[in-house]
Structure formats: structure tokens, C-alpha cells
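Nothing in this text is a laboratory measurement; each read-out follows from the coordinates by a stated rule. Just so it is clear, the model here is predicted, and its values are computed rather than measured. Every residue, glycine as well, gets a Cβ built from its backbone with ideal geometry; the counts of neighbours run over all protein chains shown.
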Amino acid sequence: MGIRERKEREKDRRRQQIIVAAKRIFTAKGFQKTTMEDIAREAELSPGTIYLYFKNKEELYASLTLRILQYILMRVEHIEDDLDPEARLKSLMEAMFDVYAFDPLVVINMFHLQSSEILKNLSPELREEIETMSRKALSEIAAIFSSGIAEGVFVNRNPMALADIFWSTFSGVILWEESKRLIDNTKDFLRPTLETAFELFARGLMRRSQDNAS
């Protein structure tokens, strides 16, 4: 390994060290109360070193979102193409459960980020990266609906609109159940509630259920 490769590897390692520390502090103190100095102490680095990698805490917060978006895209891309539409839909739903289980806090942060002013404080490059990754993930989800429509299994609606509705269902249930848990953390109904929401979505998606209704 050459000097350049070693430097790049060390740079990546340091960046991950900072991101892990930031996640711990955001979890403990919340976004608003967290400072870059807090993150530097947690990472056992100087504040100046932190700023070499991230210009502000908003970029650190957004970097967590980018990681979970990459995981979402990977999970959806690995859904097998040769499954029938209903099996692919089931695999998509299971993928979303896996995404939440992978890192619940980061998933929640991602949804908060997408509906907040934080995006405006990011560098154009990072914002574009997040937006591109989001579009890719939604396009992969839409492709699942598109193939089901083409095979006559799903109702004939705009696949991207269906992807938006599916994503909104996923994010809405998670954020609502999280807000309820802040009031009473002894109860966790997320999985059964999300299963019910996905079941109702799937029923409405099936063409035969629409044909029977008419």
C-alpha cells in the first residue's frame, strides 16, 4: 500500500470516528443542544480537526442520513427480480422493517431532516448527494410497482406516486409511534402498526380487490 492509499484510509477512518461520536452525542443530547465541541470531546479530537471534515453539525447530522439512504438503496436493489409481484412487495416491506431495525435513531433523524430547515445549511455537494440517493431509492421502489402493474397484478396508477405513498406510510407511522413513545416509553406498537399499514396498502394496491369492488 502506497503513501497516498494509507492517507486516504486514515482519512476515512477518522471521518467514521467523528460520525460515530456525533451519533452518540445526538442520541444523548438531541440535535439542538449538541455542539461541535461536544462531538470533538466524544471523538477525542480537537474541534479544529472536526471542522476539517465537516463544516458544521448540520453536515454531520446529514451524513448519518446519507448512510441510512445507502443502506435502503442496497436492500431494495437486492430484492430478486424473478419473484412474482406480490412476493416482491412482501420483500420490499420486509426490507423496510430491516432498515428500521438496522438503526432506528438514524431512520428517525432522516425523516426529521427531510422535513426541516437543516437541508438549507448543507453544502450543495452534500445536499445533492442526499437528494440523488433519495431519488434512486424511490425509483427502485417505483420499479417494483411498475412491474406489478405491467403484469396486471397491481392497480394501474403512477408507479412513482405509489412509491411516494408507500414511503409516506413508512415514515408517518414511524414518526407517529416515536412521538407516542416519548409520552409513554413502556409501550412499543411500531411493528404491529406498520404491519397493519402495509397490509392495508397492499390490499388497495391489488387489482383484483378493485375489480371485486366494482
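Quick notes on this one:
- In a DSSP loop and with at most 11 other Cβ atoms within 10 Å, the trypsin sites (Lys or Arg not before Pro) in the range 149-194 are 187.
- When the trypsin sites (Lys or Arg not before Pro) in the range 1-105 are filtered for DSSP coil states and for at most 10 other beta-carbon atoms within 10 Å of their beta-carbon, the remaining sites are 33.
- Sum of side-chain charges, residue 195 neighbourhood, beta-carbon under 15 Å (Lys, Arg +1; Asp, Glu -1): -2
- Exposed loop sites are taken as GluC sites (Glu not before Pro) in a DSSP loop (any state but H, G, I, E or B) with at most 12 other beta carbon atoms within 10 Å; the longest stretch of the chain without one runs 81-150.
- Stretchable slack from residue 103 to residue 132, in nm (0.36 nm times residue separation minus alpha-carbon distance): 8.3 nm
- The calculated 222 nm mean residue ellipticity attributable to helices in the chain amounts to -26000 deg cm²/dmol, summing -39500 (n - 2.57) over DSSP H runs of n ≥ 4 and dividing by all residues.
- Straight-distance crosslink candidates among aspartates and glutamates, where the alpha carbon sits under 12 Å from residue 57 and sequence neighbours closer than 8 are dropped: 37, 38
- Projecting label points 7 angstrom from Cα along Cα→Cβ for residue 11 and residue 185 puts them 4.0 nm apart.
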